[in-house]
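Since the structure comes first, as structure tokens, the remarks are kept for the end.
The values are calculated or read from the model by the stated rules, or taken from the named source; none is laboratory data. As the structure is a computational prediction, the values presented were derived from the model and not from experiment. Here Cβ is always computed from backbone atoms with ideal geometry, including for glycine, and neighbour counts include all displayed protein chains. Each accessible area value is taken on the protein alone, full model and side chains, heavy atoms only, with ligands, DNA and RNA left out. Shrake-Rupley method; radii C 1.70, N 1.55, O 1.52, S 1.80 Å.
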Amino acid sequence: MRPIKIISDSTADLPKELIEKYDIEVLPLSVTLGEKSFKDGVEICAQDIFKFYEETKNLPTTSAVSVLEYTEAFTPWVEKGYDVVHFTISSTMSACYQNATIAV
């Protein structure tokens, strides 16, 4: 049986303890607040997003993880002989699923 690498996008909002326990790699979506973009879970957290909305009444927008970012995340593991299991947001809500599929 081949080893497995679990990769998720940031929309899963996995707790830090779970990420560390299972060595899950998290690929951040981009979150745009006004004219500034941030990497979800890296440069911005949920509280920042809620605060932005409360202060401006403007909804944030997101950008999917790119095909290139997925390729760069998946390829090293595949080359090491791992099977990659990826969890992503619904294909009806984001282009993440499509981009991940293209990257494979």
Along the charge dipole of the stretch 1-49, pointing to its positive end and built from +1/-1 on Cβ of Lys, Arg, Asp and Glu, which listed residue (Leu29, Ser8, Ile44) has its Cα farthest out?
Ser8
Using a 10 Å cut-off on Cβ atoms, rank the peptides 90-97, 48-55 from the highest mean neighbour count down.
90-97, 48-55
How big is the dipole moment of the chain about its Cα centre under a simple scheme where the beta carbon of each Lys and Arg is +1, that of each Asp and Glu is -1, and everything else is neutral? Debye, nearest 20, please.
160 debye
May I ask you to evaluate 6.51 cos²θ - 1.76 cosθ + 1.60, the Karplus curve with θ = phi - 60°, for each residue of the stretch 82-88 and list the ³J(HN,Hα) values in order in whole Hz, giving x for glycine and proline?
8, 8, 9, 10, 10, 10, 9
If contacts are Cα pairs under 8 angstrom and at least 6 residues apart, what is the relative contact order of the chain in percent?
34 percent
What is the total of Lys pairs in the chain with C-alpha atoms under 29 Å apart, excluding same-chain pairs fewer than 8 positions apart?
15
Kindly report the accessible area of the stretch 1-103 per residue (heavy atoms of protein chains, probe 1.4 Å, no ligands, DNA or RNA), in Å².
68 Å²
Starting at the first residue of the stretch 54-66, write each ³J(HN,Hα) from the Karplus equation 6.51 cos²θ - 1.76 cosθ + 1.60 with θ = phi - 60°, in whole Hz, x for Gly and Pro.
4, 7, 10, 6, 9, 7, x, 10, 10, 10, 5, 4, 7
J(HN,Hα) series, the stretch 90-103, from Karplus relation 6.51 cos²θ - 1.76 cosθ + 1.60, nearest Hz, glycine and proline x:
3, 5, 7, 10, 7, 8, 4, 4, 4, 5, 5, 5, 5, 5
Volume per residue (Å³) of the convex hull spanned by the alpha carbons of the stretch 30-102 is 105 Å³
Apportionment of accessible area to carbon and sulfur, the chain, percent (1.4 Å)
57 percent
